[in-house]
1. Return a yes/no flag: does segment 73-94 have any residue that is loosely packed, with under 14 Cβ neighbours inside 10 Å, touching a strand residue (DSSP E or B) at 6+ places or on another chain (Cβ under 9 Å), assigned to a helix (DSSP H, G or I) and modelled with pLDDT of 85 or more.
2. Only strands (runs of 3 or more DSSP E) wholly contained in segment 155-248 count here; list those with 3 or more residues that are within 17 Å of residue 80 (Cα to Cα).
3. Being surrounded by 13 or more Cβ atoms within 10 Å (Cβ to Cβ) and outside any loop (DSSP other than H, G, I, E, B) is the filter here; which residues of segment 25-60 pass it?
4. Looking only at segment 99-112, decide whether some residue is within 32 Å of the chain's Cα centre (by Cα), more than 20 Å from residue 55 (Cβ to Cβ) and in the same structural domain as residue 79 (by TED's automatic domain parsing).
5. Could you tell me how many of the residues in segment 61-72 are within 13 Å of the chain's Cα centre (by Cα), more than 13 Å from residue 208 (Cα to Cα) and either in a loop (DSSP other than H, G, I, E, B) or touching a residue at least 12 places away in the same chain (Cβ under 8 Å) (or both)?
6. Give the residues of segment 156-206 that are modelled with pLDDT under 80 and on the phi > 0 side of the Ramachandran plot, sorted by residue number.
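The values are calculated or read from the model by the stated rules, or taken from the named source; none is laboratory data. Quick caveat: nothing in here was measured; it's all calculated off a predicted structure. Because the Cβ atoms are built from the backbone with ideal geometry, glycine has one as well, and the counts that use them run over all protein chains shown.
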């Protein structure tokens, strides 16, 4: 790419240059390579949008990890996922960009909740005994049983307040104990075996994602339609068609209710009706492929 980037950059610049006033430049503007690197303009940045997008990315990454962990490919649609966090601002930011999350993770519905108790979110801590030993020396022997006895709600209070008085005369801070969160397996089992969960506490704010991994008949048909659509795009590429060229789609298959639904779903994606194939059209086809579709093999493949 090193050989091409300067020329590609120059091409983009020349295309945009017609829309930039000449008095905008203070130096030779004939080429992008004559111009200095632009300086950052804080006036056009929006910290709230940047924060929301970063949080959206965290949720998407967590969703992808959850799919991979449970061996459910992204092209297979899922019904619902639930995002749990005690940070209301975090939930509001995610809701404002929920359409992007649903599209990226191929999920129909996103629910957000701040009720950690309902979804079995627990808190625990891992003391840094090396640091504590240096700071409190002999008093560490008193800290060990006290920390071991701390319940989940006390650890939550610890994290929210940034410190805790655990032994008389000793106040521990977040630098002394690493607090993490996890989901109670009992609560997860009560939700059903088809629910998967993932937790991200990497940035100090716990984010918990629950994803309904159950695939009913409608979701399986939707997944098959997307797979068929992908095959059609490959056929277009094989035929040398560009994105603007329109052709007629013909199909010849074993007729059954499920296959009819798959065809309808694919028609919705291509935004073009399919025509039942007749012998004469097979000889005129510019690209074709024999595909075996079986809902019993979804996921991971068609």
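1. First, pick out the residues of segment 73-94 that are loosely packed, with under 14 Cβ neighbours inside 10 Å: 88-89, 92.
Among the residues that remain, those that are also touching a strand residue (DSSP E or B) at 6+ places or on another chain (Cβ under 9 Å) are: 92.
Pick out the ones that are also assigned to a helix (DSSP H, G or I) and you get 92.
If we keep only those that are modelled with pLDDT of 85 or more as well, we get 92.
Yes: one or more hits.
2. Values: elements: 163-167, 170-173, 177-183, 195-200, 207-212.
Qualifying strands (runs of 3 or more DSSP E): 195-200, 207-212.
3. Hits for segment 25-60 are 32, 51, 52, 53, 55, 56, 57, 58, 59, 60.
4. Kept after step one, since they are within 32 Å of the chain's Cα centre (by Cα), are these residues of segment 99-112: 99-112.
Retained after the next criterion (residues that are more than 20 Å from residue 55 (Cβ to Cβ)): 108.
Of the ones still in play, those that are also in the same structural domain as residue 79 (by TED's automatic domain parsing) are 108.
Checking segment 99-112: at least one residue is within 32 Å of the chain's Cα centre (by Cα), more than 20 Å from residue 55 (Cβ to Cβ) and in the same structural domain as residue 79 (by TED's automatic domain parsing).
5. Of the residues in segment 61-72, the ones within 13 Å of the chain's Cα centre (by Cα) are 61-68.
Within this subset, residues satisfying the condition of being more than 13 Å from residue 208 (Cα to Cα) are 64, 67-68.
Within this subset, residues satisfying the condition of being either in a loop (DSSP other than H, G, I, E, B) or touching a residue at least 12 places away in the same chain (Cβ under 8 Å) (or both) are 64, 67.
Number satisfying all stated conditions: 2.
6. 169, 192, 204
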